[in-house]
Each structure stands twice: as C-alpha cells, then as structure tokens.
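Just so it is clear, none of the values below were taken in a lab; they were calculated from the coordinates. Please read all numbers here as calculations on a predicted model, not as lab measurements. A quick note on method: Cβ atoms are made from the backbone with ideal geometry, for glycine too, and the neighbour counts reach across all protein chains shown.
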Amino acid sequence: MPVNEESPGELARLMEGSFEKLSPYIEKHTGRVCPSCTKVCCANKHGTPEREDFLFYRALGVEAKPASGPMDAACSLLGGTGCELPRWQRPFRCTWYFCEPLLDSMRMGNGREYRRFVAELARLVEFRGRLIALTLF
C-alpha cells in the first residue's frame, strides 16, 4: 500500500486555510473583549517567531514579519483595531493566547460556532504537528 507523503508546502497551505476559517470567529470575540481590557497581552515578546513558525513561513515561501522594540512593550504590530498582520502570518504562540475573559466570551456565545471553532483549531494543530515532524526529522 503506498504511503501518503505530504509536502511541507501542502501542509502549510492547509494550515493557512485553517487560520482563515478560524480568524473571523476569534476576531468577533476579541472585538468584544479586547477594547475594554486594562492589560494588553499583545507584547513584542510574543510577536517574535520561533523555529516552528519559520518552518511554516518557509513552506509558504513568505518572510517572517517579527515585532520590534523592547520585549515587554506593547507589540509593535498592534494597531488601532488589533494586529496589523493576518492571523496566519503571526507567530503561533501570539495568535493562540486566549485570556479568561476571551475564553468566557467564546464559551458563552453560540454553542455550534464554538464547537466548529474547537474542531477547526484541532485540525490546525494536527497540520502544524505534521509539518513540524516532516521538516525537523
């Protein structure tokens, strides 16, 4: 039986598609929660890509756009309406930090939307794990 061999580019495109599916749901909830937050969690230290992020960017053929400035300062990529980068182009740890108020907003929203979000997030994590395994070993 032939083995299904995926390329890094194919996995990265699947990841990008998952990011695109997930982003509207996240943006809806960050739009409700983040404007009234007193402690901005978007810091430059989170906007610095890690090795696994670079694997993803390279597989897509794009350059990383890291944050700059003091590590504990508000992220240099944070604009008036949120991050200036599309979700797929942000470091993974940056885009997937959910504070308690944000999680509460998601959980208290539409149950069907939340379940679709959780399922798609699981798919994204699976694609990312396969990309990392394929490119690191």
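Values computed for the structure shown
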| item | result |
| --- | --- |
| Lysines with Cα under 23 Å of Lys21, excluding same-chain neighbours fewer than 8 positions away | Lys65 |
| Net charge of Cβ neighbours under 15 Å - reference Leu85; Lys, Arg +1; Asp, Glu -1 | -2 |
| Per the chain, cysteines lacking a partner by the 4.7 Å Cβ criterion | Cys34, Cys37, Cys41, Cys83, Cys94, Cys99 |
| Degrees separating the helix 51-60 axis from the principal Cα axis of the chain, which is the longest one | 70 degrees |
| Net charge contributed by nearby residues that have their C-beta within less than 12 Å of His29 (K/R +1, D/E -1) | 0 |
| Charge sum, other residues only, whose C-beta stays under 15 Å from Arg130's C-beta, Lys/Arg counted +1 and Asp/Glu -1 | -3 |
| Residue exposure sequence - Asp72, Asp53 - by fewest surrounding Cβ within 10 Å | Asp72, Asp53 |
| Proxy reagent accessibility, fewest Cβ within 10 Å first, across Phe56, Phe127, Phe117 | Phe117, Phe127, Phe56 |
